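Here's the structure we're looking at; comments come further down.
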Amino acid sequence: MGAYELQEVEQAWPNDTLYYTDATTDTEQVIQLEAYQTNVFITLSDGTNTATATLILPPVADAKGKTYSIIVLDAAGGVTLTDYPNASYNDSVNWDGDYTLDANNDKITLFCDGRRWTVVENAIA
């Protein structure tokens with residue numbers, strides 16, 4: 001699983017939730033969301049180390065009809081939310097650009113219609 005700790009416990013948490021914790025290094029991590037991971041909670045600090053992360057949304061074709069809630073509990077170095085990369089263009093139609101979640105409890109909620117991402121709630125400080 002790389003240098004991060006992925007905490008998915010079916011008995012305790014629903015399968016659609018990703019708890020991402022990286023407090024072991026001061027490096028940037030890249031997190032590729034799977035289409036089923038619609039609830040995301042991120043912590044990037046343990047009080048000593050501070051990490052940064054890039055969170056990549058799933059392809060719009062796979063995420064069609066789903067709403068994604070992303071909350072950064074401890075922003076530390078910040079999280080950059082980006083569209084699924086393609087060779088020469090963004091995967092989503094009219095992608096507005098990346099979002100930076102760099103304050104504790106920053107939250108963004110997005111809906112995917114199969115062609116584009118629409119921001120439902122932007123609670124980024």
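Nothing in this text is a laboratory measurement; each read-out follows from the coordinates by a stated rule. All values derive from a computational prediction rather than experimental measurement. Neighbour counts run over all protein chains shown; Cβ positions are idealised from the backbone, glycine included.
Couple of notes before you dig in:
- Structural descriptor for region 31-125: relative contact order 28 percent, calculated from alpha carbon pairs under 8 angstrom and at least 6 residues apart.
- Each residue of region 111-125 is assigned a 3J(HN,Hα), and the resulting list reads 10, 10, 9, x, 10, 8, 9, 10, 6, 8, 9, 10, 10, 8, 5 Hz, derived from the Karplus form 6.51 cos²θ - 1.76 cosθ + 1.60 (θ = phi - 60°), x at Gly and Pro.
- Chymotrypsin sites (Phe, Trp or Tyr not before Pro) within region 76-125, DSSP loop, no more than 11 other Cβ atoms inside 10 Å: TYR89
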